[in-house]
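A.B. asks: I am attaching a structure below and will ask some questions about it afterwards.
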């Protein structure tokens, strides 16, 4: 909580100091907020500009607080987001593998040879298109290969003995 308060104070200081720094850098005269327009001391005030600037400052401060709060998400929520990214990667990789191999059709049983080729193409796609942290999250190429293999619709003669060969055939993306 103490860090949150310090971050909020720093953000507020920035919001207050930024216009002053911009004025100093411009070298121009500041906008007149209130001015006398006659000898009878009638004063006008540009309240619209003030409200607009205050609204922008509040919006910026709220966005900063939201970003700080997102950094403090519980580990379970972060894991859900990470797993969702892995699932998206696997779906895209399998779709690519099925489209890249002749004779492979979605939702149809794959022969051993076609299944192994789909696995190799899908795994290469996943390694080429996933950032390093996501590959690590999924267990590296070995973990990705196992996850892809589990999602393929393979025939009776299929065996996970093809996994090491598929992993060793993958070139670093």
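The values are calculated or read from the model by the stated rules, or taken from the named source; none is laboratory data. Here the structure is a predicted model, which means the values were calculated and not measured. In this analysis, Cβ positions are derived from the backbone assuming ideal geometry, glycine residues included, and neighbour counts consider all displayed protein chains.
A.B. asks: Output the residue which, of all residues in segment 106-138 that are in contact with a helix residue (DSSP H, G or I) (Cβ under 7 Å, 6 or more places away or on another chain) and not in a helix (DSSP H, G or I), is surrounded by the fewest Cβ atoms within 10 Å (Cβ to Cβ).
C.D. replies: Top of the filtered list is 106.
A.B. asks: Determine the pairs where a residue that is assigned by TED's automatic domain parsing to the domain that holds residue 144 and assigned to a helix (DSSP H, G or I), located within segment 59-85, has a partner that is surrounded by 11 or more Cβ atoms within 10 Å (Cβ to Cβ) and modelled with pLDDT of 85 or more with Cβ atoms under 6 Å apart, the partner being 6 or more residues away or on another chain.
C.D. replies: Cβ pairs passing all conditions: 82/137; 85/134.
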